[in-house]
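K.L.:
Okay, here's the structure, questions in a sec.
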Amino acid sequence: MSLSDRMVANMDVSAFSKAKDLHKRLWFTLLALIVFRLGTYIPFPGINPAVLNEFFSSNQGGLIGMFNAFTGGALSRMSIFALNIMPYISASIIIQLGASVIPSWMALRKEGEAGMRKLNQYTRTLTIAITVVQAYFMALALERGGAVIMPSAHLFELSTITSLLGGTMFVVWLGEQITARGVGNGTSLLIMVGIVANIPSALIRMLEDGRAGSISTFAILFIGFMILAVIYLVVLVERAQRRIIIQYPKRQAAGRLMQGVSSHLPLKINPTGVMPPIFASALLAIPVGIAQFFSQNTTSDFWSKTALYLTPGQWVYMLTFAILIVFFTFFYTGIQSNPKETAENLKKQGGFVAGIRPGENTAQYLDYVITRLTVLGAIYLTVLCILPEFLIATFNVPFFLGGTTLLIVVSVVLETVNQIQSHLVAYQYEGLIRKAKLKGRL
């Protein structure tokens with residue numbers, strides 16, 4: 001165990017009551033999440049609630065059910081947060097892909113914090129464009145579905161675009177504030193809260209189906225066992241590390257010969273976390289939405305068959321979903337890790353991997369290890385997100401109990417707990433430093 005791990009294991013509970021800065025961050029996070037949940041109940045004008053409830057009661061699964069799960073029910077209520085943070089995620093995918101291909105954007109990414117601020121500004125601008133397009137198509141779908149009570153169609157489209165654009169950008173700002181002033185990643189927390197808010201209703205619905213005879217008792221017990229197994233697997237893999245031993249030779253400092261020390265370079269099996277499934281879901285929603293839109297508004301068999309094959313539970317949908325998860329796992333790992341830069345930093349500090357020459361050989365070895373770990377992480381994410389799709393299609397289980405949602409919930413909880421532990425460890429370090437200074441004065 002590392003020093004920080006030992007400090008967390010031996011952490012005094014009273015340290016939490018004394019960490020005032022952590023209290024402020026936790027309260028800010030809690031209040032921000034409450035504001036987000038209240039916003040999911042504010043509808044935009046011109047909607048007929050009776051028609052809307054009838055439509056969503058008959059379309060619990062599929063793409064609509066998936067988006068409704070990510071938005072915490074805001075889509076079924078047609079609130080100002082109906083699009084949630086999904087346009088921002090789609091824009092992030094496009095900007096990150098462009099930063100790997102476009103030379104000028106690649107140069108911005110290498111400029112450090114200043115370059116990242118420009119890329120973030122590009123992401124927000126693209127988020128506005130994506131939100132306007134999605135809000136316009138949503139307004140058209142509501143008009144054709146007969147759920148609009150506003151007399152003027154153009155006025156309804158304008159009010160829908162304005163309401164959804166304002167709500168989406170507020171959610172983006174709220175997520176950034178949680179990341180900066182709260183605890184945890186704001187984007188992931190907003191998605192997790194939306195999913196958690198609908199899990200109780202999904203469990204009640206599943207139990208009611210069991211009482212009505214739609215689902216057998218054995219199926220309910222099997223699903224419960226699978227949920228516990230998935231949670232255990234996620235906790236096990238997300239906390240697993242491949243530790244590479246780094247050795248530092250003897251060196252002379254302040255006229256004294258310092259003994260050589262050894263450390264370790266921790267590499268997670270799944271360094272990407274929940275981002276590949278989220279990215280894959282957001283990107284896959286684009287062709288699925290287009291196919292469903294044209295299948296409902298045209299008589300072409302091509303669009304109707306495409307919409308049918310891209311329905312969750314169909315083999316085309318699951319195969320495409322798996323390919324996107326694998327792609328984004330490797331893509332996101334490539335963005336986060338740079339073996340050459342790590343090898344150069346180790347060489348400058350005098351560290352080396354046992355049995356590996358410093359420099360290029362170390363970079364090749366680290367790239368080899370990271371590639372193998374990425375393969376394992378991609379397999380883990382794919383199986384975790386695809387296998388429950390079979391259960392959802394076989395037992396008609398709500399989407400809230402799928403592998404993707406459980407992965408998001410458990411991973412975000414682990415990440416948030418780790419950040420809380422990091423704040424407590426930093427507070428303990430500060431306490432030790434203050435005590436050391438006091439003893440020195442005495």
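The values are calculated or read from the model by the stated rules, or taken from the named source; none is laboratory data. These figures come from a predicted structure and were not determined experimentally. When we count neighbours, we look across all protein chains shown, and the Cβ atoms used for this are built from the backbone with ideal geometry, even at glycine. Ligands, DNA and RNA are excluded from the accessible area calculation, which covers all protein heavy atoms including side chains. Shrake-Rupley method; radii C 1.70, N 1.55, O 1.52, S 1.80 Å.
K.L.:
Among the numbered criteria (1) open to solvent by 30 Å² or more (accessible area, probe 1.4 Å); (2) farther than 14 Å from Met78 by Cβ; (3) among the polar types (S, T, N, Q); (4) at pLDDT 85 or above, which one does Thr127 miss?
P.N.:
Result: Thr127 passes all but (1).
K.L.:
What number of residues in region 349-373 are open to solvent by 40 Å² or more (accessible area, probe 1.4 Å), in contact with a helix residue (DSSP H, G or I) (Cβ under 6 Å, 6 or more places away or on another chain) and either among the β-branched types (Val, Ile, Thr) or without any contact (Cβ under 8 Å) to a residue 24 or more places away in the chain (or both)?
P.N.:
Qualifying residue count, region 349-373: 2.
Let's see how each residue does on (1) within 16 Å of Ile89 (Cα to Cα); (2) at pLDDT below 85:
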residue	(1), (2)
Glu143	no, yes
Ile149	no, yes
Ser152	no, yes
Ser163	no, no
Phe170	yes, no
Trp173	yes, no
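K.L.:
List pairs: first in region 303-324 and surrounded by fewer than 18 Cβ atoms within 10 Å (Cβ to Cβ), second not in a helix (DSSP H, G or I), Cβ under 9 Å, 6+ apart or cross-chain?
P.N.:
Ser304/Thr298; Leu308/Gln314; Thr311/Gly61; Gly313/Gly61; Val316/Leu310
K.L.:
Can you find a residue in region 374-385 that is more than 30 Å from Ala291 (Cα to Cα), open to solvent by less than 40 Å² (accessible area, probe 1.4 Å) and part of a helix (DSSP H, G or I)? Reasoning before the result, please.
P.N.:
The initial filter retains those residues of region 374-385 that are more than 30 Å from Ala291 (Cα to Cα), namely 374-377.
Add one more test, that the residue is open to solvent by less than 40 Å² (accessible area, probe 1.4 Å), and what stays is 374, 377.
If we keep only those that are part of a helix (DSSP H, G or I) as well, we get 374, 377.
Yes, region 374-385 contains at least one residue that is more than 30 Å from Ala291 (Cα to Cα), open to solvent by less than 40 Å² (accessible area, probe 1.4 Å) and part of a helix (DSSP H, G or I).
K.L.:
Also, I was wondering about something else. Between a residue in region 231-245 that is outside any strand (DSSP E or B) and any residue that is of a type outside the set (Gly, Ala, Ser), which pairs come within a Cβ distance under 6 Å, given they are 6 or more apart or on different chains?
P.N.:
Close Cβ pairs satisfying both conditions: Ile231/Val410; Val234/Leu407; Val234/Val410; Val237/Ile269; Val237/Asn270; Val237/Tyr380; Glu238/Leu414; Ala240/Ile269.
K.L.:
Being touching a Ser or Thr at 6+ places or on another chain (Cβ under 9 Å) and surrounded by 13 or more Cβ atoms within 10 Å (Cβ to Cβ) is the filter; apply it to region 207-221 and report the residue that is farthest from Ile269 (Cα to Cα).
P.N.:
Gly210
K.L.:
Given (1) modelled with pLDDT under 80; (2) over 18 Å from Leu384 (Cα atoms); (3) surrounded by 19 or more Cβ atoms within 10 Å (Cβ to Cβ), where does Leu346 come up short, assuming only one miss?
P.N.:
Failed condition: (1).
K.L.:
Scan region 134-173 residue by residue and report those that are among the charged types (D, E, K, R) and surrounded by fewer than 19 Cβ atoms within 10 Å (Cβ to Cβ).
P.N.:
Glu143, Arg144
K.L.:
If you don't mind, there's one more thing I want to ask. Kindly check whether there is at least one residue in region 107-116 that is touching a residue at least 12 places away in the same chain (Cβ under 8 Å) and open to solvent by 50 Å² or more (accessible area, probe 1.4 Å).
P.N.:
No, that holds for no residue.
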